[in-house]
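Asks: I'd like to ask you about the structure that follows.
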Amino acid sequence: MEMRLKIGEREAALGYKGGFRFETTAEGLGVREQDARFTGPVFVEGTLENTGGSFRVTGEIRARRSFVCDRCLAEAETSESYPFAEEFRKGEETDDGAFFGADGIALAPLARDAILCSLPIRNLCRPDCKGLCPKCGADLNQGDCGCDREVTDPRLAVLKDWMKNNSDGI
């Protein structure tokens, strides 16, 4: 299904404001699986407003995204929303999507860019994820593994031994 807002008579109606709603898939928006994996439909909702010299499109994209946690490597899924807003002027369509032609406004590039720009840099199953033990690889969210995880800088190991031996004299 093509996500396109038809303009037609709305163009003559200064101050026109109307809503829209589309249901699509990540593939329909051009979001590749290596960028983000979405489960189920992707909903795009918003309003189209005639401001005189241009059309203002605002709205929100809602979807469920699945990912692997960057700390503990567990599969996780979350509901997310991605806001968007853009002004479109009449003219020839370009790669940046800021113009619209006689066939209306294409929303798929705008929605794709809103999703990709809003994806987190680090995917975490929860904010307080403890990750994996660097010694044995156990998931620390399940409980402590008992490993000694104290990391001493090898350059300072001599000073640590010196402090143990000379703690009486200080």
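Asks: Filter the range 35-54 for residues that are touching a strand residue (DSSP E or B) at 6+ places or on another chain (Cβ under 8 Å) and modelled with pLDDT under 90 and give the result. Before the answer, list the steps.
Replies: Taking the range 35-54 first, the residues touching a strand residue (DSSP E or B) at 6+ places or on another chain (Cβ under 8 Å) are 36-51, 53-54.
If the condition is that a residue be touching a strand residue (DSSP E or B) at 6+ places or on another chain (Cβ under 8 Å) and modelled with pLDDT under 90, then ALA36, ASN50, THR51, GLY53, SER54 are the ones that fit.
Asks: What residue, of ASP128, ASP113, is free of Cβ contacts under 8 Å to residues at least 40 places away in the same chain, among the acidic types (Asp, Glu) and farther than 18 Å from GLY30 by Cβ?
Replies: Details: ASP113 fails: farther than 18 Å from GLY30 by Cβ.
So the residue among ASP128, ASP113 that is free of Cβ contacts under 8 Å to residues at least 40 places away in the same chain, among the acidic types (Asp, Glu) and farther than 18 Å from GLY30 by Cβ is ASP128.
Asks: Looking only at the range 127-155, which residues are outside any loop (DSSP other than H, G, I, E, B) and within 28 Å of the chain's Cα centre (by Cα)?
Replies: Taking the range 127-155 as the starting set, the residues that turn out to be outside any loop (DSSP other than H, G, I, E, B) are 132, 139, 154-155.
Across the range 127-155, the qualifying residues are LEU132, ASP139.
Asks: Still on this model: May I ask you to list the residues in the range 66-81 that are open to solvent by less than 60 Å² (accessible area, probe 1.4 Å) and within 18 Å of GLN34 (Cβ to Cβ)?
Replies: SER66, PHE67, VAL68, CYS69, ALA76, GLU80
Asks: On the given criteria, is LEU159 part of a helix (DSSP H, G or I), at pLDDT 85 or above, of a type in the set (A, V, I, L, M) and out of contact with any Cys (no Cβ under 8 Å at 6 or more places or on another chain)? Spell out the reasoning first.
Replies: Working: part of a helix (DSSP H, G or I): yes; at pLDDT 85 or above: no; of a type in the set (A, V, I, L, M): yes; out of contact with any Cys (no Cβ under 8 Å at 6 or more places or on another chain): yes.
Spelling it out, it is not the case that LEU159 is part of a helix (DSSP H, G or I), at pLDDT 85 or above, of a type in the set (A, V, I, L, M) and out of contact with any Cys (no Cβ under 8 Å at 6 or more places or on another chain).
Asks: Hey, another quick one. Could you check the range 49-65 and list, in sequence order, the residues that are closer than 27 Å to ARG126 by Cβ and open to solvent by 60 Å² or more (accessible area, probe 1.4 Å)?
Replies: Let us first name the residues in the range 49-65 that are closer than 27 Å to ARG126 by Cβ, namely 60-65.
Passing the criteria: GLU60, ARG62, ARG64.
Asks: Here's a check for you: in the range 28-48, which residue that is crowded, with 17+ Cβ neighbours inside 10 Å and of a type outside the set (Phe, Trp, Tyr) is nearest to ALA138 (Cα to Cα)? Even if it seems obvious, please write down each step before you answer.
Replies: Of the range 28-48, the ones crowded, with 17+ Cβ neighbours inside 10 Å are 28-29, 31, 36, 38, 42, 44, 46, 48.
Going one step further and asking which of them are of a type outside the set (Phe, Trp, Tyr), we end up with 28-29, 31, 36, 42, 44, 46, 48.
On the way: GLY28: 39, LEU29: 38, VAL31: 34, ALA36: 27, VAL42: 35, VAL44: 40, GLY46: 45, LEU48: 51 Å.
The selected residue is ALA36.
The values are calculated or read from the model by the stated rules, or taken from the named source; none is laboratory data. All values reported here derive from a predicted model rather than from experimental measurement. All Cβ positions, glycine included, derive from the backbone under ideal geometry; neighbour counts span all protein chains shown. When the accessible area is computed, the model is the full protein with side chains, heavy atoms only, and any ligands, DNA or RNA have been set aside. Shrake-Rupley method; radii C 1.70, N 1.55, O 1.52, S 1.80 Å.
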